[in-house]
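What follows is a single structure, written as structure tokens, with notes after it.
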Amino acid sequence: MKVEEKLALNAIKNHDESHIVLDEEACVRCETRICIRACPAGLYSVEPATNKVIVDHSGCLECGTCMVICPLDAVTWRYPDPGYGIRYRHG
Amino acid sequence: MSDGEELDVVVVGAGCAGLACAYELASNGLTVAVCERGDVAGAKNLTGGRLYLEPLKDLCGDLLEGAPFERTIVSESIVLTHGDASTNIRLDHASGEDRPHSATVLRAKFDQFLADRAGEKEAFVMGEQRVDELIREDGKVAGVMVGGEEVRAKVVVAADGVLSFLAREAGLRKSREPRHLGVGVKELIKLDASVIEERFNVAPGQGAARMYLGDVTDGLPGGGFLYTNKDSISIGVVVQMDELEQRGEEDTFSDLITRFKERPDVAPLIRGYELVEYGAHLIPEGGFDALPELGIPGLLLVGDAAGLVLNTGNLLRGMDLAMASGVIAARSILEFREGDLGSPECLEHYKKTLTNSFVIEEMRAHRKAPNILSNERIYKVYPPAVVDMLRSLFEVDEKGEGVPVKRAFKEMRRTVGTWAAMRDIMRILKL
């Protein structure tokens with residue numbers, strides 16, 4: 001089962017606007033791109049055309065791993081607006 | 001809430017620390033509001049997990065009366081894994097219904113219960129209230145800003161979890177360090193209660209806890225876990241965050257859990273399951289030496305926000321420390337109810353009481369644990385060595401020969417290195 005299929009089972013209300021913003025200049029310089037492997041929801045990827053790291057905030061589990069692990073402090077991360085984001089039905 | 005009237009206390013975060021605090025305060029007549037960013041209490045919370053009950057008997061006995069526990073744990077096991085084989089140490093005990101020492105919980109249900117209990121005592125627990133910053137006045141914290149509105153209080157309790165933006169804003173912690181955090185990923189899978197009872201050999205209401213070490217995390221510090229709930233199982237892995245860099249490009253967390261579930265010693269336990277939820281959460285595992293300052297005047301940190309988690313390898317405790325710290329903070333605040341709740345003296349009282357309580361005493365006693373548990377040999381060397389040794393003892397080869405015990409031990413000693421093993425054992429015994 002792919003992670004996207006797992007995420008699709010969660011109760012979540014995605015905001016149009018992302019609560020995760022990347023500092024593109026820093027990401028270009030980044031050698032590890034650790035966010036791609038570290039995000040438990042697999043939201044980070046490389047855009048093939050531009051070779052840029054991109055993040056799709058929808059599906060975010062709000063764990064904060066990307067913000068903490070980023071070696072360049074390039075992830076600006078805040079809690080989604082009230083009423084949005086993951087809602088654990090079991091937790 | 002925006003009419004400018006000052007509350008006695010505003011608690012940020014409706015998790016188990018914040019709600020235990022609010023319940024204690026409201027039971028004693030203080031005006032308390034709990035601001036929760038999720039729709040309802042528990043909406044953003046995740047546990048493995050189990051709650052140890054004994055430490056909370058005095059502090060939270062009344063609050064936990066009738067709490068929605070999933071199952072009382074009567075079967076514990078640590079499993080060493082290597083390839084398709086494993087060995088385990090297991091304890092089955094009959095602590096039973098009348099004297100449970102720990103129970104599994106699911107946070108959505110559990111936190112909602114705590115919120116209801118706090119509500120009965122007239123604490124205001126409000127969802128969709130994201131606290132954006134602190135209000136500071138005259139050198140102390142005087143409330144919080146929620147969606148552009150001021151919520152004033154004599155003292156603020158930061159129960160805003162492991163990421164605690166409030167602790168950071170208050171300058172109590174610079175930033176979170178990857179080596180002090182575990183990344184936990186969990187699946188909640190449904191199974192009939194009777195199936196769980198049959199497979200884990202437990203009676204209705206009773207349950208099992210399993211910890212897995214070894215190649216479940218590809219030999220990295222961390223482990224797999226499995227806890228039985230009423231009619232579901234919490235299954236997942238925890239990996240120390242700073243070790244993630246060592247993992248392969250293509251290997252995601254989701255793959256790690258999938259492989260874990262496919263293990264021949266796990267798959268039969270969960271066969272026929274239905275996945276219903278996938279979650280992730282950080283765990284502050286830095287221990288005593290990574291503790292932040294516990295507050296500034298007018299702001300007290302509790303629970304995960306204060307880094308109150310104890311992982312000794314055989315015990316993983318967070319929720320009991322969280323609830324205890326919430327009640328201890330509440331009692332310090334109550335000590336000053338006739339005076340100034342936001343005073344430096346109140347903060348000192350909390351620091352002192354918490355430091356002298358089992359919460360920090362236990363963390364201090366196990367201060368070396370995070371270091372010892374970072375030793376990769378525990379995950380990479382010992383599980384394969386022990387499993388291979390046992391395997392050789394129980395096998396007969398094509399020549400019709402088995403391996404003598406003496407040779408099996410000698411082979412294991414060679415793999416682990418006698419002196420290195422002695423050193424590791426000595427370290428672990430000091431825990």
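The values are calculated or read from the model by the stated rules, or taken from the named source; none is laboratory data. Note that the structure is a prediction, hence the values are computed from the model and not measured. Cβ sites come from the backbone with ideal geometry, for glycine too, and all protein chains shown count toward neighbours. Each accessible area value is taken on the protein alone, full model and side chains, heavy atoms only, with ligands, DNA and RNA left out. Shrake-Rupley method; radii C 1.70, N 1.55, O 1.52, S 1.80 Å.
With unit charges on the beta carbons (Lys and Arg positive, Asp and Glu negative) and the dipole taken about the Cα centre of the protein assembly as shown, which residue among A:C63, B:G400, B:M241 sits farthest to the positive side? Farthest towards the positive end: B:G400. With contributions of -39500 (n - 2.57) from each DSSP H run of at least four residues, the per-residue ellipticity at 222 nm computed over chain B stands at -9000 deg cm²/dmol. Rounded to the nearest 20 debye, what is the charge dipole size of the stretch A:3-86 about its Cα centre when +1 sits on each Lys and Arg Cβ and -1 on each Asp and Glu Cβ? For this selection, approximately 240 debye. Here the relative contact order of chain A, from alpha carbon pairs under 8 Å that lie six or more residues apart, stands at 41 percent. Rolling a 1.4 Å probe across all protein chains gives B:H366 an accessible area of roughly 40 Å². When B:I333, B:I378, B:I428 are compared by accessible area of protein heavy atoms, the largest-first order is B:I428, B:I378, B:I333, using a 1.4 Å probe. Legend: P(r) of chain B from all alpha carbon pair distances, 20 Å bins from 0, whole percents, reading 25, 53, 19, 3, 0. Considering only B:Y278, B:A322, B:P297, and ranking their Cα positions along the charge dipole of the stretch B:259-332 that arises from unit charges at the beta-carbon of Lys, Arg, Asp and Glu, the one farthest toward the positive end is B:Y278.
Distance cut-off 27 Å, Cα to Cα: go down the list B:K186/B:K230; B:K44/B:K430; B:K140/B:K174; A:K6/B:K121; B:K380/B:K406 and report the pairs above it. Display every interim value, and only then the final one.
Working: B:K186/B:K230 17 Å; B:K44/B:K430 37 Å; B:K140/B:K174 19 Å; A:K6/B:K121 39 Å; B:K380/B:K406 23 Å.
The pairs that break the limit, which is 27 Å between Cα atoms, are B:K44/B:K430; A:K6/B:K121.
When only the Cβ of Lys, Arg, Asp and Glu is charged (+1, +1, -1, -1), the dipole of chain B relative to its Cα centre reaches about 1820 debye.
Here the average projected area of the convex hull drawn through the C-alpha atoms of the protein assembly as shown stands at 26.4 nm². Sequentially through the stretch B:367-383, phi angles give Karplus couplings (6.51, -1.76, 1.60; θ = phi - 60°) of 5, 7, 4, x, 5, 5, 6, 7, 5, 4, 4, 4, 9, 9, 9, 5, x Hz, Gly and Pro residues having no value and appearing as x.
For chain A, the mean residue ellipticity at 222 nm estimated from helices alone is -4500 deg cm²/dmol, where every DSSP H run of n ≥ 4 contributes -39500 (n - 2.57) and the total is divided by all residues, rounded to the nearest 500. Annotation: aspartates and glutamates with alpha-carbon distance below 17 angstrom to B:K351 (same-chain offsets under eight excluded): B:D289, B:E293, B:D304, B:E335, B:D340, B:E361, B:E362.
Test of understanding: what is the full-extension gain from B:K410 to B:L393, defined as 0.36 nm times their sequence separation minus their Cα-Cα distance? Don't jump to the answer; show the numbers that get you there.
Details: separation 17, 0.36 × 17 = 6.12 nm, distance 1.22 nm.
The B:K410-B:L393 span can extend by a further 4.9 nm.
B:R176 exposes around 40 Å² of accessible area when a 1.4 Å probe is run over every protein chain in place. To the nearest 0.05, how large is the calculated FRET efficiency for A:D16 and A:R78 if R₀ is 22 Å and r is the Cβ-Cβ distance? Computed FRET efficiency for A:D16 and A:R78 comes out at 0.90.
Between the stretch B:282-316 and the stretch B:24-65, the C-alpha centres lie 17 angstrom from each other. Of the whole protein surface, B:T252 contributes about 50 Å² of accessible area at a 1.4 Å probe radius. Of all aspartates and glutamates in the structure, the ones whose alpha carbon falls short of 20 Å from that of A:K2, not counting any fewer than 8 places away in one chain, are A:E47, A:D56, A:E62, B:E187, B:D218, B:E249, B:E250, B:D251, B:D255, B:E262, B:E274, B:E277.
Considering only B:C16, B:S75, B:S27, the residue lying farthest towards the positive end of the dipole of the stretch B:1-156 is B:S75, judged by Cα position with unit charges set on Cβ.
Relative contact order of chain B: 20 percent, from C-alpha pairs under 8 Å at least 6 residues apart in sequence.
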